[in-house]
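Enquirer: Sharing a structure with you now.
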Amino acid sequence: MWKRSLAVAASFVGIVVGAGFASGMEALQYFVAYGTNGFYGVILASVTMLLAATAFMTFGSYFLAREHNEVFYSVASKPAAFIMDWSAVACMFSVGFVMFAGAGSNLQQSFGWQIWVGAVAMLTLMLIVGRFDVDKVSSVIGWATPLLVVFVLIGSIYSFTQVDVSWGEVNDYAQREVTRADGTPYWWLGALNHTGLNALCGVSMALVMAGDEFDTKSSRFGGLIGGVIYAVMLALLVASLLLQVESVNGADMPLLAVIDNVDPVLGFIMTWVIFLMVFNTCLGMLYALAKRLTRSKPERFYPVYAIACVVGFGLSFAGFQPLVNSLYPVLGYLGLFVMAVMTVVYLRHRDELKDEGERRAQAVEADTDKEVDELADESNLEDDEFKDAVQEEADAAEEKEKNRSLNDLL
């Protein structure tokens, strides 16, 4: 179970970290801007994200979700589910076009290139890759997330061991000079808004990814572990940026500035890690958006996808930092609504969710079809869906056992 839980956790972290986390701009505006009070915000954000992650991953598995509306309309009233659905759609488009701006800012900060160069490169890649199997492309560039974890660790170790500053001085400077995100005058509001934003960006994909996991217990623990990993990464990132706040404030890519301070060669590598993270986020957002808008007419997918890319490219010239500052808070409050609904429903029905997890585990271990039939009757899933899923689990376990036996012989 733990191996599956760790896989679920890694998937969740890859979804919610995204390019905004990689740039460091969100952490700067939502946490560092409040000085040392930002660490209280990190604690609050960590707790709320942990709850949201557990709810998202459990519900995705519970309903074997293929898309987010299967969950939204099952756990909430129709008006609430409608708001949740279109909040997710708004987030997909908004974050998608912010990523075009991020691509331009990233290459400008590293190489001095004009903003449009990175944006055009991103548009070209997006239009080309939209014709391919996006799952395969995403898996190829998925190694960018582990690299990001490594660079956050490098930046934090450097900041803790090589930067000699007074916490009082950096606290005063941060509160006085660093721009806060619009509509977040207090540290606790900034923390909640940031969590809502990340949750809204990741909820659709998290539900679908958890929907591939029949074992709700593994999904629940995976969400819990993912929330803890997210919390640790956020704390290290905020600490690194606060310690070096005077040198990174004003940069569109604060984390890149931190890594540049460590070593220019690492900064060069980090530039392309960020570019890949930006590309992966942009691709995921706009691809999912086009799929959602054309689900009744899938043949129109690519034209809608291409239009979304071109429109997003045009809007991106408002600039990365201003977009993060003004647009993300709106998305954050929408995300808080989605989080609140799903977390409350999860807490109210956690006993039922736990029982279903035990039921599925018993079905996989059952010795007779009669036992499986009885468990299927009690499940939230349709009988055929439940039995098919149990058979797939049993086949997978049998295949794993065969491979293990073969390895022992060799």
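Enquirer: Which of the residues belonging to the stretch 186-237 are more than 16 Å from the chain's Cα centre (by Cα), modelled with pLDDT of 90 or more and surrounded by fewer than 24 Cβ atoms within 10 Å (Cβ to Cβ)?
Expert: 186, 187, 188, 189, 235, 236
Enquirer: List the number of the failed condition for residue 59; all other conditions in (1) closer than 21 Å to residue 231 by Cα; (2) within 18 Å of the chain's Cα centre (by Cα); (3) among the aromatic types (Phe, Trp, Tyr) hold.
Expert: Tallying (1) closer than 21 Å to residue 231 by Cα; (2) within 18 Å of the chain's Cα centre (by Cα); (3) among the aromatic types (Phe, Trp, Tyr), residue 59 fails exactly one: (1).
Enquirer: Please go through the stretch 36-83 and give me each residue that is part of a helix (DSSP H, G or I), in contact with a helix residue (DSSP H, G or I) (Cβ under 7 Å, 6 or more places away or on another chain) and among the small types (Gly, Ala, Ser), ordered by number.
Expert: Result: 38, 41, 45, 46, 52, 53, 55, 60, 61, 80, 81.
Enquirer: Going through 241, 266 one at a time, which residue ends up being part of a helix (DSSP H, G or I), of a type outside the set (Ser, Thr, Tyr), touching a residue at least 24 places away in the same chain (Cβ under 8 Å) and touching a Pro at 6+ places or on another chain (Cβ under 7 Å)?
Expert: Being part of a helix (DSSP H, G or I), of a type outside the set (Ser, Thr, Tyr), touching a residue at least 24 places away in the same chain (Cβ under 8 Å) and touching a Pro at 6+ places or on another chain (Cβ under 7 Å) holds for just one of 241, 266, which is 241.
Enquirer: All but one of (1) modelled with pLDDT of 85 or more; (2) buried (at least 18 other Cβ atoms within 10 Å of the Cβ); (3) within 24 Å of residue 61 (Cα to Cα) hold for residue 309, so report the exception by its number.
Expert: Unmet for residue 309, out of (1) modelled with pLDDT of 85 or more; (2) buried (at least 18 other Cβ atoms within 10 Å of the Cβ); (3) within 24 Å of residue 61 (Cα to Cα): (3).
Enquirer: Starting from residues that are among the small types (Gly, Ala, Ser) and more than 21 Å from residue 314 (Cα to Cα), keep the ones in the stretch 84-98 and report whichever is surrounded by the fewest Cβ atoms within 10 Å (Cβ to Cβ).
Expert: Of everything passing the filter in the stretch 84-98, 87 is surrounded by the fewest Cβ atoms within 10 Å (Cβ to Cβ).
Enquirer: Related question: I'm trying to understand the selection: among the residues of the stretch 64-83, which are of a type outside the set (S, T, N, Q) and surrounded by fewer than 18 Cβ atoms within 10 Å (Cβ to Cβ)?
Expert: 66, 67, 70, 73, 78, 79, 80, 82, 83
Enquirer: Out of the residues in the stretch 247-280 that are acidic (Asp, Glu) and crowded, with 19+ Cβ neighbours inside 10 Å, which is modelled with the lowest pLDDT?
Expert: The residue in question is 252.
Enquirer: Say we look at the stretch 312-326 and pick out the residues that are at pLDDT 80 or above and loosely packed, with under 15 Cβ neighbours inside 10 Å; which of these is farthest from residue 92 (Cα to Cα)?
Expert: Here the residue is 317.
Enquirer: So which of 19, 33 is part of a helix (DSSP H, G or I), aliphatic (A, V, I, L, M), under 28 Å from residue 319 (Cβ atoms) and at pLDDT 75 or above?
Expert: 33
Enquirer: From 297, 354, grab the single residue that is surrounded by fewer than 16 Cβ atoms within 10 Å (Cβ to Cβ) and either in contact with a Phe, Trp or Tyr (Cβ under 8 Å, 6 or more places away or on another chain) or closer than 19 Å to residue 216 by Cβ (or both).
Expert: 354 is the lone residue from the list that is surrounded by fewer than 16 Cβ atoms within 10 Å (Cβ to Cβ) and either in contact with a Phe, Trp or Tyr (Cβ under 8 Å, 6 or more places away or on another chain) or closer than 19 Å to residue 216 by Cβ (or both).
The values are calculated or read from the model by the stated rules, or taken from the named source; none is laboratory data. In this text, all values refer to a predicted model and were calculated from it rather than measured experimentally. Virtual Cβ from ideal backbone geometry, glycine too; neighbours counted across all protein chains shown.
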